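Here is the structure we will look at, set down as structure tokens.
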Amino acid sequence: MKDNQPTLHQQIEQIAAATTPIGSAHSRNSGRNRDERRSVTVFDPADKLADTDWRLHVAAIIRVERNVYTRNSRTGLLHHASETAFYVSNISVTAVRAAEVIRAHWAIETTSHHTRDVSLAEDRSRIRVNPGVFARLRSFGFNILKANRTGTLSQDRYRAALAGIDHLGKLAAIP
């Protein structure tokens, strides 16, 4: 739940603040100079959204509180960041299941999307006419590179480009 739905976002925050949770789960991940602690709490909106268009679509409200401590490798000092995010679900869900699903979503975000942006420069694309076609072409190429991975995606992309140039050179030499 982002701020692009400000009224719903505010209602969700108020419901979470005033309602007793139906479940919670806690987790901790550490590694690579980072210590992250998450608390996932699930709330039943019951009839609190009855007078809104969202009443049929929200069966559970999920609050995720993250506290992240990151160690600066040069100075050794810790930097603390705290964040609270809200999610809604159209089905009733336990806190443990909600935590698993949210982490799985971020795994996609940090692996596929980040890699596609770094290797294929998707975010810098200036294509404005039929951008979906080019996104599919990048996905097609990305999936081929992943399926045939021998090194990093950047290295594999470079090798594929060299092979393509070599192949074009051989085609040009054919009389």
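The values are calculated or read from the model by the stated rules, or taken from the named source; none is laboratory data. None of the values given here were measured: they were computed from a predicted structure. Ideal geometry is used to build each Cβ from the backbone, glycine not excepted, and the neighbour counts take in all protein chains shown. Accessible surface is based on the protein model in full, side chains and every heavy atom, while ligands, DNA and RNA are left aside. Shrake-Rupley method; radii C 1.70, N 1.55, O 1.52, S 1.80 Å.
Structure data summary
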item	result
Among the residues listed as A85, A98, A107, the single one being under 19 Å from the mean Cα position of the chain (by Cα) and crowded, with 16+ Cβ neighbours inside 10 Å	A98
Of all residues in the stretch 13-57 being part of a strand (DSSP E or B) and charged (D, E, K, R), the one that is surrounded by the most Cβ atoms within 10 Å (Cβ to Cβ)	R38
Residue that is closer than 30 Å to T41 by Cβ and of a type in the set (V, I, T), where the choices are I61, I174	I61
Failed item, numbered, when E65 is tested on (1) surrounded by 14 or more Cβ atoms within 10 Å (Cβ to Cβ); (2) under 18 Å from T7 (Cα atoms); (3) not polar (S, T, N, Q)	(2)
Residue among A147, A59 that is of a type in the set (G, A, S) and more than 30 Å from Q14 (Cβ to Cβ)	A147
Residue in the stretch 76-90 that is outside any strand (DSSP E or B) and in contact (Cβ under 8 Å) with a residue 12 or more places away in the chain present	yes
Selected residue (only one of L168, L145 is closer than 12 Å to T115 by Cβ, aliphatic (A, V, I, L, M) and assigned to a helix (DSSP H, G or I))	L145
Pair list, Cβ under 6 Å, 6 or more apart: the stretch 13-34 residue within 24 Å of D47 (Cα to Cα), other residue of a type in the set (D, E, K, R) and open to solvent by 80 Å² or more (accessible area, probe 1.4 Å)	I15/K48
Residue satisfying condition, being at pLDDT 80 or above, among the acidic types (D, E) and assigned to a helix (DSSP H, G or I), within set D156, D117	D156
Residues located in the stretch 140-175, provided they are out of contact with any Ser or Thr (no Cβ under 7 Å at 6 or more places or on another chain), of a type in the set (G, A, S) and touching a residue at least 12 places away in the same chain (Cβ under 8 Å)	G141, A160
Lone qualifier among R71, R128, R136 - being open to solvent by 100 Å² or more (accessible area, probe 1.4 Å), farther than 25 Å from D3 by Cβ and touching a residue at least 12 places away in the same chain (Cβ under 8 Å)	R71
Meets criteria (closer than 30 Å to W54 by Cα and assigned to a helix (DSSP H, G or I)) for R103	yes
